[in-house]
1. Would you point out the residue of the stretch 48-70, among those that are of a type in the set (D, E, K, R) and at pLDDT 90 or above, that is farthest from the chain's Cα centre (by Cα)?
2. Being within 24 Å of the chain's Cα centre (by Cα), at pLDDT 95 or above and exposed (fewer than 10 other Cβ atoms within 10 Å of the Cβ): is that true of Arg15 here?
3. Given Ile72, Ile66, which one is surrounded by 10 or more Cβ atoms within 10 Å (Cβ to Cβ) and either of a type outside the set (Phe, Trp, Tyr) or out of contact with any Asp or Glu (no Cβ under 6 Å at 6 or more places or on another chain) (or both)?
4. Mind checking which pairs have a first residue in the stretch 34-48 that is part of a loop (DSSP other than H, G, I, E, B) and a second that is surrounded by 10 or more Cβ atoms within 10 Å (Cβ to Cβ), Cβ under 7 Å, 6 or more apart or different chains?
5. For the stretch 27-41, does any single residue satisfy the condition of being surrounded by 10 or more Cβ atoms within 10 Å (Cβ to Cβ) and modelled with pLDDT of 95 or more?
Amino acid sequence: MASDQKSNRRPLTSREKVAAHRARMRAQGLRPVTIWVPDPRAREFSEEAKRQAKAIAASADERAEIAFIERISWWKPSA
């Protein structure tokens, strides 16, 4: 009988699924956060990254600056 009851229900819409998911997450004490970050695929991003790399390379304190960046970076490349 339980399977008959389930088959009589209409499928949830995407909106209803998202609402249910968000309700479960909120019940766990979480909240949604939207973060806008620079797009690494954008030409401007690449240009700025190159500009910053050149600035560090031209610096008299290059080793100290790179050491600082490595100390504060959470991402560690695999060997």
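The values are calculated or read from the model by the stated rules, or taken from the named source; none is laboratory data. Just so you know, these numbers come straight off a predicted model, no measurement behind them. With ideal geometry, Cβ positions are generated from the backbone for all residues, glycine too; neighbour counts draw on all protein chains shown.
1. Here the answer is Lys54.
2. For Arg15, the condition - within 24 Å of the chain's Cα centre (by Cα), at pLDDT 95 or above and exposed (fewer than 10 other Cβ atoms within 10 Å of the Cβ) - is met.
3. The conditions single out Ile66.
4. Pro38/Phe45; Asp39/Phe45
5. Within the stretch 27-41, the subset surrounded by 10 or more Cβ atoms within 10 Å (Cβ to Cβ) is 30, 38.
If we keep only those that are modelled with pLDDT of 95 or more as well, we get 30.
Among the residues of the stretch 27-41, at least one is surrounded by 10 or more Cβ atoms within 10 Å (Cβ to Cβ) and modelled with pLDDT of 95 or more, which makes the answer yes.
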